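Written below as structure tokens is the structure these notes are about.
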Amino acid sequence: MSDYEWNRTFFEKVVKINAGAADYGYRSAGPEGDRARLTEMETSALGPIRGASVLHLMCHIGAESTALAALGASVTAIDVNETAIRLARLRAEYLRLKIDFIQGDVRHAAGLVAGRKFDVVYMGLGLIGWISDLGALFRTVATCLRPGGRLVMFEIHPVAQTASAAEKSSDPRATEYGRHARDLPIRCEYRRSWAAERPSGEVDGFFLWKHSLGDVLTAVASAPLGIETFHEHAETTYRQFDDMTKGAGGTWSFVSPSIFPLTFTLVARRPYTRPSMAE
Ligand SMILES: C[S@@+](CC[C@H](N)C(=O)[O-])C[C@H]1O[C@@H](n2cnc3c(N)ncnc32)[C@H](O)[C@@H]1O
């Protein structure tokens, strides 16, 4: 089984667990659950999106997609997992939000949206570790944006990713930060969903591509997308480490002062094409 296929099996199990997890709030009567709301980190990176067309990549079970639609955006969302897309459609229908959910591989996003161009491409937490070739991913993002359109990303900080991978993997490369560790994914022996309280017998690890912060920024800039803001945060949206506490806003941070950032937000814009001298 290839690394990608293995991860699909992992997600099939996790999707079902998350549909019943309190964090996603899918069992509750309303749009409750922390993942069904966007944090201040995400909303301030997004800015006002009422009326904007938003392409949401790797949307999982649609919690962030519905939150984006509730802010007034016209949302199209992609995920490769069929069950996730089915649950996302049900959830949007239940909340009476019109969202176009598409099942497919994000690496073919431009084809999946039939060449449509968006005001914003949104990428929520926990995506880049599933993708081996970030350069190709961000070139696809640039293709899906209209000139002047923005990529808005909220992601696990690569330093925090290395620290948590080191706890979850016996691969000696798990503790190594940076380029030398990224070519082959590391196997993480992690037996629970990020939204579950306890390990589950069904979940049997995953493969993770470790990208350094330099890899991410270079891939974005080479797409080409012009980086406008980049912020590092001491909070995240799930219990990534044991030594964490949940704040009033539903985000998690270290009990003791953080010695490294947990997440980052990045905003980058597709350049306007300059008219050539002949025009
Ligand atoms: C960690 S989850 C995203 C969680 C999301 N930010 C949230 O909080 O709900 C990653 C998602 O990426 C999807 N995924 C992984 N590889 C993909 C690919 N190549 N194309 C599209 N979706 C993919 C998985 O099916 C999964 O739903």
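When each of 272, 190, 94 is scored by the number of other beta-carbon atoms lying within 10 Å, the sequence from fewest to most is 272, 94, 190.
Under the simplified labelling scheme, the residue 114-residue 232 pair shows an inter-label distance of 4.4 nm, with each label point 7 Å from Cα along Cα→Cβ.
The GNM of the chain, with springs linking C-alpha atoms under 10 angstrom apart, assigns the highest mean-square fluctuation among 44, 164, 132 to 44.
Comparing the chain with the 2.2 N^0.38 Å rule of thumb, its C-alpha radius of gyration ratio is 0.97 (two decimals). Take the Cβ-Cβ distance between residue 175 and residue 105 as r, set R0 to 25 Å, and report the resulting FRET efficiency rounded to the nearest 0.05. Between residue 175 and residue 105 the formula returns 0.25.
Coupling constants for the stretch 152-169 follow from the phi torsions by the Karplus curve (6.51 cos²θ - 1.76 cosθ + 1.60, θ = phi - 60°), and in residue order they are 10, 10, 10, 9, 4, 5, x, 5, 5, 4, 5, 5, 6, 4, 4, 7, 9, 9 Hz; glycine and proline get x. In a GNM of the chain with a 10 Å cut-off on Cα contacts, which of 19, 195, 114 has the highest mean-square fluctuation? Among 19, 195, 114, the largest mean-square fluctuation in the Gaussian network model of the chain belongs to 114.
Taking the three principal axes of the alpha carbon atoms in the stretch 207-273, the coordinate ranges are 46, 29, 20 Å, sorted in descending order. Residue by residue, the stretch 251-256 carries 3J(HN,Hα) couplings of 9, 10, 9, 5, 5, 8 Hz when phi is fed to the Karplus relation 6.51 cos²θ - 1.76 cosθ + 1.60 (θ = phi - 60°); x denotes Gly or Pro. FRET efficiency for the pair residue 136 and residue 269, taken as 1/(1 + (r/R0)^6) with r the Cβ-Cβ distance and R0 = 22 Å, rounds to 0.65. Less than 5 angstrom separates the built amide H of residue 118 from those of 145, 146, all sequence-distant by 5 or more or on a different chain.
The amide H of residue 56, built 1.01 Å from its N in the peptide plane, has 76, 77, 78, 122 as neighbours under 5 Å, considering only residues 5 or more places off or on other chains. Taken one residue at a time, the phi angles of the stretch 61-77 give Karplus couplings (6.51, -1.76, 1.60, θ = phi - 60°) of 8, x, 4, 5, 4, 5, 5, 5, 5, 5, 7, x, 7, 9, 9, 10, 9 Hz. Gly and Pro are set to x. With a threshold of 29 Å on the Cα-Cα distance, the over-threshold entries among 168/246; 13/117; 16/98 are 13/117. Taken along the Cα-to-beta-carbon direction at a fixed 7 Å, the label points for residue 239 and residue 86 span 3.0 nm. Comparing 79, 23, 133 in a Gaussian network model of the chain (Cα springs below 10 Å), the most mobile by mean-square fluctuation is 133.
Taking other C-beta atoms within 10 Å as the exposure proxy, 144, 188, 59 rank 188, 144, 59 from fewest upward. Fully extending the segment from residue 256 to residue 2, taken as 0.36 nm per residue of separation minus the present Cα-Cα distance, adds 87.5 nm.
This ranking places 65, 193, 170, 222 by how few other beta-carbon atoms lie within 10 Å of each, fewest first, which gives 170, 222, 193, 65.
Each value in this text was obtained by applying a stated rule to the coordinates, not by laboratory testing. Here the structure is a predicted model, which means the values were calculated and not measured. Because the Cβ atoms are built from the backbone with ideal geometry, glycine has one as well, and the counts that use them run over all protein chains shown.
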